[in-house]
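The values are calculated or read from the model by the stated rules, or taken from the named source; none is laboratory data. It should be emphasised that the depicted structure is a prediction, and the values quoted were computed from it without experimental measurement. We place every Cβ from the backbone using ideal geometry, glycine too, and count neighbours over all the protein chains shown. Surface accessibility is based on the protein's heavy atoms, side chains included, excluding ligands, DNA and RNA. Shrake-Rupley method; radii C 1.70, N 1.55, O 1.52, S 1.80 Å.
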Amino acid sequence: MHLSIVQRCASRLGLQALLVMVGLASSTLVSAAGALPTYGEMDAAGFAGAPRENYALQDFSDKYRATLEISAKDDVFRPGVINVYDKASGAALIRVQSDELVLGTDPKTGKVKTNVHELPYGEQSVLIYQDFNFDGIKDLALMDGQNSCYHGPSYQVFLGTADGFRHSDSFTKLAQNNCGLFSVNEKTRKIETMTKDGCCWHQTSTYSIRNGEPVLETQTVLDHTGGSGLPTETVSRNQNGKMTHTTRIVWEEDQQREVLLSFRLAPSGKRVVLFRSGDASPVFYAAVDSKNQVGLLFPQAEGEQLKYDAASHILSFVRGDTAYRIVGDAKGAPTAMQVVVRGKTTELKLLAEPAQGSLNKVADALKAAQ
């Protein structure tokens, strides 16, 4: 049956209209895909041209599922993409990409492990699903690389809502600027971060949650970089929106710290310790109370020094208008301590218990440090 010219034109116009409609539909799908929130940085072109492997993440939610597409190279850190989907609709919700993801699979299922959160330096999985802001809705942390301290894992954080997730700049900042993901204490309803700089500087911070956002409550810094090796502890507290700070020096036992002489004063029991941190290292004096707080540390300022008079068996030092003296016997055992302020001498008694070490050991250490 032959179609008339009019029918053929109508068919052609209908086909063109159909193609236009399909084109519009395709454009809408591309646009929707392009609008998918994507976080993190990677060499997308290099990743697209390289062999890749696809993994399902272990079931972590009744409402959501996730996949990991990652480079097939057998490296510890690999380029990869994490995608999160709505289970009911199949809609893609979040995409996080990175040049440095890790592949940790369950040997039984072959799926990528989730909710692995070993602190402070243990394994942390690419996805952690937990209620971070204590609103009763679980939130999501997705690894976006190794951007935290010492090339440790960092995360983009998404807070759960009634109909999906919203990205949180404040929680993400905490998961970028510290050592790995923060810890969550469900009993106290607080979260805690930790960061460090080498062996000798550590910082821990505790946050409460107000209006769904983290608010710094306390921050403690332990700094071991002083010459004595004893840590200086600075505690900052949030007092009605204003941070107040207290600093103290803390005595702590250390296998590298050699106690040359130690005795206690009566009746307080305050401990006097002379110590060094290695052969030929400087000798320090510390007065330590029952809470291990150092009330006096010497030397600290440039030019301060301990002196020992072998003839009188007296160790002495001066700070400001006050002189301190430890008097010993011929064997180096301490017998008394004196504090002299503007010519007035106060005798301090020692507890009747054996001293640890001797003034002779202190004298030898002072000579070795010269």
### Message
Just to be sure I understand: of the beta bridges DSSP finds with both ends in the chain, what percent are antiparallel, rounded to 5?
### Response
95
### Message
List the residues, sorted by chain then number, that are 5 or more residues from Leu351 or on another chain and whose placed amide H is less than 5 Å from its amide H.
### Response
Arg264, Leu265, Ala266
#### Entry: List Cys200, Cys179, ordered by accessible area with a 1.4 Å probe, largest first
Cys200, Cys179
### Message
As a test question: what accessible area, to the nearest 10 Å², does Met42 have when a 1.4 Å probe is rolled over all protein chains in place?
### Response
30
#### Entry: Under the Karplus curve 6.51 cos²θ - 1.76 cosθ + 1.60, θ = phi - 60°, whole-Hz ³J(HN,Hα) for the stretch 355-370, x wherever Gly or Pro sits
7, 9, x, 7, 5, 5, 5, 5, 4, 5, 5, 5, 5, 5, 7, 6
### Task
Restrict the search to the stretch 33-98; then list the trypsin sites (Lys or Arg not before Pro) that DSSP places in a loop and that have at most 14 other Cβ atoms within 10 Å of their Cβ.
Lys63, Lys73, Lys87
### Task
Give, in nm to one decimal, the length gained when the segment between Asp197 and Ser61 is fully stretched (0.36 nm per residue of separation minus the Cα-Cα distance).
45.3 nm
### Query
So what is the diffusion coefficient of the stretch 309-370 in µm² per second by Stokes-Einstein at 4 °C and 1.567 mPa s, using a Kirkwood Rh over Cα pairs?
104
### Query
Is the stretch 77-186 rounded, prolate or oblate when judged by the Cα gyration tensor, a ≥ b ≥ c being the square roots of its eigenvalues, rounded requiring a/c under 1.5 and prolate requiring a/b larger than b/c?
rounded
### Query
What is the gain in length, in nm to one decimal, between His167 and Glu253 on full extension, counting 0.36 nm per residue of separation less the C-alpha to C-alpha distance?
26.5 nm
## Note on the structure
Excluding ligands, DNA and RNA, the carbon-plus-sulfur percentage of the accessible area of the chain with a 1.4 Å probe reads 52
### Task
Convert each backbone phi in the stretch 91-99 into a coupling constant with the Karplus relation 6.51 cos²θ - 1.76 cosθ + 1.60 (shift: θ = phi - 60°), then list the ³J(HN,Hα) values in order as whole Hz, x for Gly and Pro.
5, 6, 10, 9, 10, 10, 10, 6, 7
### Task
Read phi for every residue in the stretch 319-332 and hand back ³J(HN,Hα) as whole Hz from Karplus 6.51 cos²θ - 1.76 cosθ + 1.60, θ = phi - 60°, with x for Gly and Pro.
9, x, 9, 10, 10, 10, 9, 10, 9, x, 9, 5, 8, x
### Within-12-Å neighbourhood charge of Ala162 [Cβ basis; K, R +1; D, E -1]
0
### Query
What is the distance in Å between the Cα centres of the stretch 137-199 and the stretch 318-370?
52
### Message
From the helices alone, meaning DSSP H stretches of at least four residues, give me the mean residue ellipticity at 222 nm for the chain, per-run term -39500 (n - 2.57), in deg cm²/dmol to the nearest 500.
### Response
-4500 deg cm²/dmol
### Message
Using DSSP to call loops (not H, G, I, E or B), can you name the GluC sites (Glu not before Pro) in the stretch 222-294 whose Cβ has at most 16 other Cβ atoms within 10 angstrom?
### Response
Glu252, Glu253
### Task
Bin all alpha-carbon pair distances of the stretch 97-142 at 10 Å intervals from 0 and give each bin's fraction as a whole percent.
25, 47, 26, 2
### Summary
Pseudo-spin-label distance Leu296 to Asp329, built 7 Å along Cα→Cβ, given in nm, is 2.4
### Task
When a/c is below 1.5 the answer is rounded, else prolate if a/b is larger than b/c, else oblate, so apply that to the stretch 47-137 with a ≥ b ≥ c taken from the square roots of the Cα gyration tensor eigenvalues.
oblate
### Peptides ranked, highest mean first, by Cβ atoms within 10 Å: ranges 220-232, 142-154
142-154, 220-232
### Task
Choose one answer from Ala45, Ala310, Ala286: the residue with the largest mean-square fluctuation in a GNM of the chain with alpha-carbon springs under 10 Å.
Ala45
### Summary
Looking only at aspartates and glutamates whose Cα falls under 20 Å of Lys87's and that sit 8 or more positions away or on another chain, we get Asp59, Asp62, Glu69, Asp131, Asp139, Asp163
### Message
For Leu103, Leu159, give me the order by solvent-accessible area with a 1.4 Å probe, most accessible first, ignoring ligands, DNA and RNA.
### Response
Leu103, Leu159
### Message
Just to confirm my numbers, what's the Cα centroid distance between the stretch 230-268 and the stretch 80-94 in Å?
### Response
51
#### Entry: Sparse-neighbourhood loop sites, chymotrypsin sites (Phe, Trp or Tyr not before Pro) in the stretch 261-358 - DSSP loop, at most 12 other Cβ within 10 angstrom
none
### Query
Which value, in nm² and rounded to one decimal, describes the direction-averaged projected area of the C-alpha convex hull of the stretch 138-211?
5.4
